[in-house]
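Reviewing the structure listed below.
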Amino acid sequence: MAFADGTADFRSDTVTRPTPAMRKAMAEAEVGDDVYSDDPTVNLLEEESAEVVGKEAAVFVPSGTMGNQLAVMTQTRPGEEVLCDGGAHVRNVERGAASALSGVAFRTVEAPGGRITPGDVDEAMALAGRFFPAIRLMVWENSHNLSGGKVVPLDLMEASNAAARRHGLSIHLDGARIFNAALALGVPAAALAAGVDTVQFCFSKGLGAPVGSVLCGPADLIAEARFLRKRLGGGMRQVGVLAAPARIALAERDRLVEDHDLARYLAEALAARFPGSVDLDGVETNIVNVDVAALGVPYPEIADRLASARILTNAPFAGTWRLVTHRDVDRSDVDRLVAALS
Ligand code: TLP
């Protein structure tokens with residue numbers, strides 16, 4: 001359902017607002033100083049998070065960006081390179097953090113949907129030698145944001161992880177939406193994380209918590225990430241008030257299938273009304289990429305119509321208009337969106 005003022009917000013699943021149960025848990029959370037590891041609610045959240053993805057330890061961080069960047073920082077040295085697909089969030093949408101904070105560059109492969117193949121890994125690594133920088137870390141993103149929430153199949157991850165290991169790479173999974181991927185693929189999140197060293201996931205996207213992400217991995221590496229989190233100003237003190245709603249979000253993760261169903265409803269409605277606007281086969285989770293040219297209306301006019309209908313979306317980027325479903329929109333909001341476009 002739209003927000004109380006009637007606004008339906010399709011810009012991202014980050015816009016979700018805490019549920020009444022989450023707000024109650026925030027008010028009642030037991031807290032302590034988390035920089036001393038004294039916050040019992042954070043400690044519980046970290047244990048539960050590590051368990052869900054099958055890792056030894058976890059550290060609660062303010063954002064997905066910090067989770068990814070701590071993974072890069074702990075697994076590379078300045079001057080090295082990170083292997084990822086050209087559309088990866090860690091490379092494109094984190095304000096240049098990896099080069100600014102870790103002094104690394106990216107070695108990209110063209111892998112639509114983030115589906116890096118063993119051949120991509122071998123080809124990139126063939127550059128190694130006397131003159132090239134050392135490639136040290138491979139990063140997956142599953143589900144893959146910029147491609148419209150596509151998922152990377154588990155068997156492909158396993159095959160490419162094996163290739164990466166043959167070349168001595170560490171592996172990080174940007175699992176901002178790992179539970180969307182797991183549900184769409186019908187595998188446990190721990191299976192997707194099994195072959196990687198570190199995995200980051202977000203409580204503040206479709207899971208609906210107001211703030212926070214977690215980086216999970218081996219205990220020694222997470223201890224170092226905790227040290228670096230403080231260096232970056234991410235030591236958050238009585239942050240059980242944020243860990244409490246995140247615990248609820250994690251426990252309720254399977255409700256993300258509702259967002260996938262709604263994305264399919266939206267995609268089908270748009271494809272029926274505006275043929276060619278949506279590749280229905282490409283809609284795998286809660287993101288719908290729309291070819292704005294196929295709508296036959298210039299975007300400024302679309303923006304005006306949506307504003308009058310109290311619908312929020314981001315402007316198209318390179319001809320693609322991203323619409324995201326989540327727990328704070330429903331079928332009636334989708335109907336309103338399609339009607340406004342029509
Ligand atoms: N994605 C946001 C924007 O930054 C684009 C969104 O609205 O989708 N990894 C992935 C795959 C992400 O999609 C995001 C956020 C992050 C990392 C970073 O998370 P935050 O925003 O918490 O730093």
**Euclidean distance between Cα centres, region 80-150 to region 272-342, Å** = 29
**Asked** Can you list residues whose amide H is under 5 Å from LYS150's amide H, if they're 5+ apart or on another chain and H is modeled 1.01 Å from N?
**Response** HIS144
**Request:** Can you spot the lysines whose alpha carbon is less than 27 Å from LYS55's alpha carbon? Ignore those fewer than 8 places along the same chain.
**Result:** LYS150, LYS205, LYS230
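Beta carbons within 10 angstrom, averaged per residue: use that to sort the peptides 81-91, 181-191, highest first. Intermediate values should be presented prior to the final figure.
Values: 81-91: 22.5, 181-191: 19.3.
Those peptides, ordered most packed to least, come out 81-91, 181-191.
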**Fill in**
For 132-143, 104-115, ranked highest to lowest by mean beta-carbon neighbours within 10 Å, the order is 132-143, 104-115
**Request:** If a/c stays under 1.5 just call it rounded; otherwise compare a/b with b/c (prolate if a/b is bigger, oblate if not). Do that for the chain, with a ≥ b ≥ c from the square roots of the Cα gyration tensor eigenvalues.
**Result:** oblate
**Item:** Charge tally in the Cβ shell below 13 Å around GLU30, where Lys, Arg are +1 and Asp, Glu are -1, GLU30 excluded
**Value:** -4
**Prompt:** Based on the mean of other beta carbon atoms within 10 Å per residue, what is the order of 43-56, 23-36, most packed first?
**Reply:** 43-56, 23-36
**Request:** Find how much the distance from ARG11 to ARG95 grows on full extension, using 0.36 nm per residue of separation minus their present alpha carbon separation; answer in nm with one decimal.
**Result:** 28.3 nm
**Asked** Which part of region 192-225 falls in the paramagnetic zone of SER37, meaning amide N under 17 Å from the point 7 Å along Cα-to-beta-carbon?
**Response** 215-225
**Prompt:** Can you give the relative contact order of region 1-97 as a percent, counting alpha carbon pairs under 8 Å and 6+ residues apart?
**Reply:** 12
**Prompt:** With the contact rule set at Cα under 8 Å and sequence spacing of 6 or more, what percent relative contact order holds for the chain?
**Reply:** 26
**Asked** Quick one: putting +1 on the C-beta of Lys and Arg, -1 on the C-beta of Asp and Glu, what dipole do you get for region 31-251 around its Cα centre, in Debye to the nearest 20?
**Response** 480
**Prompt:** Got a sec? Charge dipole of region 108-172, +1 on Cβ for Lys and Arg, -1 for Asp and Glu; which of LEU169, PRO112, ALA124 is way out at the positive end?
**Reply:** LEU169
**Fill in**
Candidates LEU306, LEU169, LEU262; GNM for the chain (alpha-carbon contacts under 10 Å) flags as most fluctuating LEU306
**Request:** Would you mind classifying region 1-112 by shape? Square roots of the alpha carbon gyration tensor eigenvalues, ordered a ≥ b ≥ c; an a/c under 1.5 is rounded, otherwise it is prolate if a/b is larger than b/c and oblate if not.
**Result:** oblate
**Complete:** So, relative contact order of region 45-184 in percent, Cα under 8 Å, 6 or more apart, is 24
**Prompt:** By Kyte-Doolittle mean hydropathy of at least -1.0 and Cα axial length of at least 20 Å, which whole DSSP H helices of the chain are selected?
**Reply:** 256-273
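Taken together, the values in this text are just the output of simple stated rules run on the coordinates, not laboratory data. These numbers come from a predicted model, not from an experiment. In this analysis, Cβ positions are derived from the backbone assuming ideal geometry, glycine residues included, and neighbour counts consider all displayed protein chains.
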